[in-house]
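Working notes for the structure below.
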Amino acid sequence: MAVVPVKIEKDGKWVVSKIDLQQESMTIAEPVGKAIPFKSIVDLEERKSLLIVTVKGEPPTVYKIASVEKVLQAMKRLIIMACSAYRLMAYFMSPAVRGGVMVTNATWEKGAIAVLKTSIWFVSQNKQVSVPLKEVTGMELTKREVQGKQVDVVKIDHMENTDVVTSYILCPISTLQILINFLKDTTKDLEVNPEELDPLSAQVGMLIYSGMDSHAIENMLNISHKDLDEIYNKLLKIGLIDVVFVRKEVQLTPKGVRFITDSVKPPSP
Amino acid sequence: MGKILIVDDSELTRFLLSKILTSGGHEVVGEAGDGLEALQKVKETEPDVVILDLLMPRMRGTQALVEIRKINPRIRVVVCSGDHQEHTVRDLVKKGASGFIIKPFKKDAVLQEIDSVMAGLQGS
């Protein structure tokens, strides 16, 4: 079908190679020298300009492949449509909302949804969108208006950098139910029992979401640094937050006080 | 920068919006906890923009939106809601909404939406 230039990680180093892409397999040229049927691929992850392909085996073999966007796009489409995955034909809209702002040119695309080990893929003729399962923040079976009719859709929210991105999937209700059950099962570790969180901690969570820093949160909720630290510990314990960095609270030493007082004194005549 | 009235029955949301808007250089001219209070505050404060929640006691946001536009059609109303279904948005736009902030919101999204609505106001 096509031979495309790539770089592949081999023994911790990136080597220049080529991949012969066929309808049902791909062959990586030397120095890797490996034919991979797409059916043997059990996972596909996407990083910036990089595809991580996992091929079944004991242990599974992982190939990191880098190339230009056009090549990766062709490779992604072939792999996703033929690899070992739960796949269904569907309409999807992704992204529909990003960071609380509706995406103005969002449209329904006809394509397929493929659920792999670590991510869900939305694939159409021109688009491949990956939603890593570990980044999924919520999903629900809901209704949405499509061409004037209320229809059942699955709504998936996931984190992309620091933004929440919403996507919609539209297909027959029986398939949507299978999909939502699968997603709920896969992401059940992300569920939080509301009883675990008191109202103040929930408010702190909301303020963090909105982009407030610790100082602003203390002021807004009128709580002390110590109180906020305790709430942070609670949120950390149930896995709702990560520590990005620890801020130092400091006071001047006598040497520091002397330096500051000296620095504001008028120069001696 | 604009004069903004915040209407939401959650005190924390009002407080948060107020902080975000002030940090973006806007002037928060008032706050209201329901639709009826909003109408009163609109008359008193003459804001450029009203940020309006939908689910509120006494008078719902959709009705308040219509009434605000009757009081002063120049006022821009930005709806702040968790419901962003197409038919809801379309209905609100028909009723005169100029913008939409989706809950839960981020600081940047709020400021971006308000700036965009303010730009439209200055252009009109």
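The values are calculated or read from the model by the stated rules, or taken from the named source; none is laboratory data. From a predicted model like this one, the values you see are computed outputs, not experimental measurements. All Cβ positions, glycine included, derive from the backbone under ideal geometry; neighbour counts span all protein chains shown.
In table form, for the structure just shown:
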item: Matching residues in segment A:233-246 - criterion: being out of contact with any Asp or Glu (no Cβ under 6 Å at 6 or more places or on another chain), assigned to a loop (DSSP other than H, G, I, E, B) and surrounded by 10 or more Cβ atoms within 10 Å (Cβ to Cβ); result: A:239, A:240, A:241
item: Residue tally, condition within 14 Å of another protein chain (Cβ to nearest Cβ) and out of contact with any helix residue (DSSP H, G or I) (no Cβ under 6 Å at 6 or more places or on another chain), over segment A:128-156; result: 14
item: All positions within segment B:84-97 that are within 15 Å of the chain's Cα centre (by Cα) and in contact (Cβ under 8 Å) with a residue 24 or more places away in the chain; result: B:92, B:95, B:96, B:97
item: Of all residues in segment A:226-249 being modelled with pLDDT under 90 and over 28 Å from the mean Cα position of the chain (by Cα), the one that is nearest to the other protein chains (Cβ to nearest Cβ); result: A:249
item: Complete set of residues in segment B:2-25 that are hydrophobic (A, V, I, L, M, F, W, C), away from chain A (no Cβ under 14 Å) and touching a residue at least 60 places away in the same chain (Cβ under 8 Å); result: B:4
item: Conditions (1) within 14 Å of chain B (Cβ to nearest Cβ); (2) part of a strand (DSSP E or B); number of the one not met by residue A:107; result: (2)
item: Within segment A:110-127, tally of residues that are part of a strand (DSSP E or B) and either within 14 Å of the chain's Cα centre (by Cα) or within 14 Å of chain B (Cβ to nearest Cβ) (or both); result: 4
item: Breaking point among (1) touching a Lys or Arg at 6+ places or on another chain (Cβ under 9 Å); (2) loosely packed, with under 15 Cβ neighbours inside 10 Å, for residue B:90; result: (1)
